[in-house]
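This report concerns only the one structure given below.
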Amino acid sequence: MGTYARSRVRLFVTAVIALAALGTHTTAAADDDDRPVPVDRLVPGVPFGPAASRQVDTPDQGAPPLRIGVSTAEPLRSAAPSEDEAEDDDWVDPQLVEFVPAEDAERAKKFQEERAAEEEDEGSHDGGRDGEGGRDGEDGQDGEDGEYGRDGQDGEYGRDGEYAERREDEEDGGSSDGREYCTSFTGPFQREVEKRLRLRVNGEQSPADCAEIRSYQKSRGIVPASGFAGPTTWGHLRLDEATGKGPNASRRCPAPAKGKRIVCIDLNRQLLWVQTSSTKVFFGPVAIRSGRKGYLTRTGRFTVYWRHKNHVSDIYDAPMPYSQFFSGGQAMHATPGSVYKAPGSHGCINLSNRNARLLWNLLKLNEAVYVWGAKPAV
């Protein structure tokens, strides 16, 4: 083959590769919702409820705080509403908030606004459903349930545009009445959630997947219940499984000496529990958040060597309520936000305010702690 011919072949091959790459890029862009959304792109689906920055000093602290973060006169609030605040509609438990793509939050907001407008319009037309304003001209029988487009496919609210697409989605496994938002985004824990909910495991979101995931979220009070397979939903599924089978079914956590207790911290599943010498679970399991990359939580056998109820980090100037130190500067303590929020702590074991408080009241100095595993990479 001559030089000219070889040059033409090389040019042809280069062109084919370039076209293939362009086609792949175009397909990926078109199917963006099918690819798992990275955890670092997620935002809280709804605002968290207000949480206390730290606890009020009490005589049982054992040591004064290293630094005062806020005035003790400032009104403080725990991670759960008090009795007189229980009816506060604005309060949302951070441990029940799912993290979703910002784009999805905007879609959900737009959907809710459109539904609200439709319902308002529906109310204004309610008096005209019969007779002159009826769907069928005589008695408007297809509009008697008061929901646009459910039976009157040929009416003025027929299956056209975006509303028609939502109807088609619900027929494939979405909402039964098209009134609730169901995401099309594939979550970072799609495969794990599909497996636990016994769905077809392919790692891609579908209307049927969304309906089942949303149903589970509703059963646990997770918000928004939009069917997104995010860290909060995955965390609750792990917790359900550990509670059902028993957190130490694999016997990774050793039994303490007779009459003693041990704190078991499973970094693989991001769970904590306390068990007795008979391996009976005394507390938990509860969800935790361990150290991120570069600040990994140390593994091994430890003991609780210092407890400080109102600790404030000297390094990060951050509140660490109910701190129980077990390895250098690493402690089990409350976090004001969600334990499911990425990427992780600076090495400490974060718990919800409620669980940190319960653990504080349960443990004492010199209690055994065993930590194993590694925080899953996401």
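The values are calculated or read from the model by the stated rules, or taken from the named source; none is laboratory data. Values in this document were obtained by computation on a predicted structure and should not be read as measured data. Cβ sites come from the backbone with ideal geometry, for glycine too, and all protein chains shown count toward neighbours. Only protein heavy atoms, including side chains, enter the accessible area calculation; ligands, DNA and RNA are left aside. Shrake-Rupley method; radii C 1.70, N 1.55, O 1.52, S 1.80 Å.
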Exposure of Y370 as accessible area (Å², to 10), given a probe of 1.4 Å and all protein chains
50 Å²
How would R191, R214, R107 line up by accessible area, probe 1.4 Å, largest first?
R191, R107, R214
With all protein chains modelled, accessible area of V37 [1.4 Å, Å²]
10 Å²
Ordering V201, V223, V369 by how much accessible area each has at a 1.4 Å probe, largest first, what is the list?
V201, V223, V369
Extent along principal axes [Cα atoms of the stretch 224-378; Å; largest to smallest]
47, 40, 27
Heavy atoms of E192 accessible to a 1.4 Å probe, total area in Å² rounded to 10:
70 Å²
Flagged links, alpha-carbon separation over 18 Å, of K341/K364; K218/K375; K195/K280; K260/K364; K245/K375; K245/K293:
K341/K364; K218/K375; K195/K280; K245/K375; K245/K293
Among 256-264, 93-101, what's the highest-first ranking by average C-beta atoms within 10 angstrom per residue?
93-101, 256-264
Please give the net charge around T335, taking every other residue with its beta carbon less than 9 angstrom from that of T335, where Lys and Arg add +1 and Asp and Glu add -1.
+2
From the phi of every residue in the stretch 232-240, what ³J(HN,Hα) in whole Hz does the Karplus formula 6.51 cos²θ - 1.76 cosθ + 1.60 yield, where θ is phi - 60° and glycine or proline is x?
5, 4, 5, x, 5, 5, 4, 5, 4
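So how do R269, R289 rank on accessible area, 1.4 Å probe, biggest first, that is with the largest at the start?
Final ranking, largest accessible area leading: R269, R289.
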In terms of the alpha carbon gyration tensor, root eigenvalues a ≥ b ≥ c, rounded if a/c is under 1.5 and otherwise prolate when a/b exceeds b/c or oblate, the stretch 286-374 is rounded
